Amino acid sequence: MLMSNTDRPARLHYMANGFRVLTPGSHVTCAISGATIDLDDLRYWSVARQEAYANAALALEAETRK
């Protein structure tokens with residue numbers, strides 16, 4: 001039986017203009033809020049920290065943290 005990627009977190013390598021899937025899955029978790037982000041909806045991440053964010057406001061919050 002084939003395994004489905006549904007409801008399994010993906011492991012990604014974030015790059016400047018996209019990301020590479022290291023481990024297949026359907027979603028990632030926002031580093032700030034803990035929200036689930038479907039890969040099709042993923043728009044915000046940090047290359048330096050290798051983190052995903054659910055929206056622009058949370059990405060800005062991550063940038064201003066020390």
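The values are calculated or read from the model by the stated rules, or taken from the named source; none is laboratory data. Everything numeric here is computed off the predicted structure, so don't read it as measured data. All Cβ positions, glycine included, derive from the backbone under ideal geometry; neighbour counts span all protein chains shown. Just so you know, the surface numbers come from the protein's heavy atoms only, side chains and all, with ligands and any DNA or RNA stripped out. Shrake-Rupley method; radii C 1.70, N 1.55, O 1.52, S 1.80 Å.
Could you please let me know if residue 20 is in contact with a His (Cβ under 9 Å, 6 or more places away or on another chain), surrounded by fewer than 11 Cβ atoms within 10 Å (Cβ to Cβ), of a type outside the set (A, V, I, L, M, F, W, C) and without any contact (Cβ under 8 Å) to a residue 60 or more places away in the chain?
Yes: the conditions hold for residue 20.
Are any residues in region 20-47 out of contact with any strand residue (DSSP E or B) (no Cβ under 9 Å at 6 or more places or on another chain) and not acidic (Asp, Glu), and if so, which ones?
34
Of (1) open to solvent by 80 Å² or more (accessible area, probe 1.4 Å); (2) touching a helix residue (DSSP H, G or I) at 6+ places or on another chain (Cβ under 8 Å); (3) of a type in the set (Ser, Thr, Tyr), residue 64 satisfies all except one. Which?
All conditions are met except number (2).
Having 2 or more residues that are of a type in the set (A, V, I, L, M, F, W, C) is the bar; report the strands (runs of 3 or more DSSP E) wholly within the chain that clear it.
Output list reads 11-15, 18-23.
Results for (1) among the polar types (S, T, N, Q); (2) open to solvent by 90 Å² or more (accessible area, probe 1.4 Å), shown as yes or no for each residue.
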position	(1), (2)
7	no, yes
14	no, no
26	yes, no
30	no, no
37	no, no
48	no, yes
